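The values are calculated or read from the model by the stated rules, or taken from the named source; none is laboratory data. Since the structure is predicted, the reported quantities are computational estimates derived from the model, not experimental observations. All Cβ positions, glycine included, derive from the backbone under ideal geometry; neighbour counts span all protein chains shown. Ligands, DNA and RNA are excluded from the accessible area calculation, which covers all protein heavy atoms including side chains. Shrake-Rupley method; radii C 1.70, N 1.55, O 1.52, S 1.80 Å.
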Amino acid sequence: MSIINQRFLQALRCEPLDRPPIWLMRQAGRYLPEYLQTRAAAGSFMNLCRNADLASEVAMQPLRRYQLDAAILFSDILTIPDAMGLELEFVAGEGPVFNKPIRTDRDIHALPEQGVLEKLDYVFAVVRAMREKIGAQLPIIGFSGSPWTLACYMLEGQGTRDFATARRWLWQRPDAVQLLLDKLSQQVIDYLAAQADAGVDVLMLFDTWGGLLDEQNYRDFSLRSMRKVIQGLRQQHGLDLPVMLFSKGCHSQVEAMIEADCQGIGLDWRANIDTVMAQVNGRVAVQGNLDPTSLLADTDKIEPIIRSRFQNVVRKPGYIFNLGHGLLPATNPDSVSQAIATVHALAAEQG
Ligand code: CP3
């Protein structure tokens, strides 16, 4: 399908543009009253993810409010471990919990390699429903958790502050962790290829916990498995869709990420966007990196914040405006409008 709004795809090829593409991590989510209403109708977050009508509806909600240049699949990164039998639950106030986390090597060996994709059919149904609603208007981003970030939740059983259990496994049982990452990498390859078949245009790996690792472990475990995923997509499935890596807290590893053959890199808010854009110099696209808590400032403060952070990059080829992490539930939707309008104004002034 030939997408009408090419801006995001052009930025991923580092082509010059009159303004950067704009989309926002967690653009569909709890800061929107209409999202809360639809989630209530679905009964729970996972019910929402499993209902193609409602999930595609919430994916459309931010597109109706704002001039965004990409849609993102509405789902979660923890769908793969759930489909592998760990039984995902979202406990109110506690976030994700697995009823059957990995406790021993034997649990890793026992993880299924066949029949996982079939259990994820509900995700591909959401992609198809989104494509039906969006038509050719906008590109759709498909995604997965990175193998390491999935492993973090599977070994820990839930989100924790520093994933000390998962990190301990790395030092105590590196071979077992590699086996887990290899098994996950193959699932991620097939999962992303199936999303591509269902109609997504760009793929993103969320490596939220890559930044918990020292440099060598980041390369040997997290980045190595993401590189395998990219290679698998290209070699096993013949796919040439652009792939973006978002390793939170890893901007000192940009060179290694580029070597992994990705087309775009996401930055969290701690990176200096000017410095990284200069370093990357058009080899891959760079996405980010507004601090999501900045949008909790008074709405009239948003414009000067955006101006001070992004004035040098809005016209740089390969720049994609986004946050450094997901939109927070407490965000005022008007502040999001203000941020987007300011990016438009900044780029127009530099015309
Ligand atoms: O960005 C989007 O709009 C697309 C949808 C999306 C969700 N989760 C929906 C969601 C995406 C891309 C994710 C990725 C995801 N999920 C990550 C990686 C990015 C990141 O945030 O670091 C991670 C680590 C998860 C796991 C996860 N899902 C956690 C830890 C939580 C609970 C914490 C929280 O933010 O609420 C979720 C729940 C979740 N995923 C919600 C949404 C909209 C909120 C659920 C609700 O409505 O109650």
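Descriptive notes on the structure:
- Within segment 154-183, residues that are more than 14 Å from T104 (Cα to Cα) and aliphatic (A, V, I, L, M) have Cβ atoms under 7 Å from residues that are modelled with pLDDT of 95 or more and buried (at least 16 other Cβ atoms within 10 Å of the Cβ) in these pairs: L181/P147; L181/W148; L181/A151; L181/F221; L181/S225, counting only partners at least 6 apart in sequence or on another chain.
- In the set A55, A59, only one residue is touching a residue at least 12 places away in the same chain (Cβ under 8 Å), part of a helix (DSSP H, G or I), open to solvent by less than 20 Å² (accessible area, probe 1.4 Å) and in contact with a strand residue (DSSP E or B) (Cβ under 7 Å, 6 or more places away or on another chain); that residue is A59.
- For segment 203-220, filtered to residues that are under 18 Å from D268 (Cβ atoms) and either without any contact (Cβ under 8 Å) to a residue 24 or more places away in the chain or among the aromatic types (F, W, Y) (or both), the residue that is surrounded by the most Cβ atoms within 10 Å (Cβ to Cβ) is W209.
- Filter result for R161 (of a type in the set (K, R), modelled with pLDDT of 95 or more and open to solvent by 50 Å² or more (accessible area, probe 1.4 Å)): no
- Scope segment 65-93; condition open to solvent by 40 Å² or more (accessible area, probe 1.4 Å), assigned to a loop (DSSP other than H, G, I, E, B) and without any contact (Cβ under 8 Å) to a residue 40 or more places away in the chain; matching residues: E87, A92, G93
- Every residue from segment 94-123 that is open to solvent by 10 Å² or more (accessible area, probe 1.4 Å), under 15 Å from Q187 (Cα atoms) and touching a helix residue (DSSP H, G or I) at 6+ places or on another chain (Cβ under 8 Å): H109, L111, P112, E113, L117, K119
- Q27 vs. criteria surrounded by fewer than 21 Cβ atoms within 10 Å (Cβ to Cβ) and of a type outside the set (K, R): no
- Matching residues, segment 164-188, being crowded, with 17+ Cβ neighbours inside 10 Å and either in contact with a Leu (Cβ under 6 Å, 6 or more places away or on another chain) or among the aromatic types (F, W, Y) (or both): A166, W169, V177, K183, L184
- Scanning segment 139-158 for residues that are part of a helix (DSSP H, G or I) and either surrounded by fewer than 16 Cβ atoms within 10 Å (Cβ to Cβ) or of a type in the set (G, A, S) (or both) yields a single hit, A151.
- Apart from one condition, A136 fits all of (1) surrounded by 15 or more Cβ atoms within 10 Å (Cβ to Cβ); (2) over 19 Å from I189 (Cβ atoms); (3) in contact (Cβ under 8 Å) with a residue 40 or more places away in the chain; the exception is (1).
- Sole exception among (1) part of a helix (DSSP H, G or I); (2) within 16 Å of the ligand (Cβ to nearest atom); (3) open to solvent by 40 Å² or more (accessible area, probe 1.4 Å) for L328, by number: (1)
- Restricting attention to segment 117-133, the residues being in contact (Cβ under 8 Å) with a residue 40 or more places away in the chain and more than 21 Å from the chain's Cα centre (by Cα) number 2.
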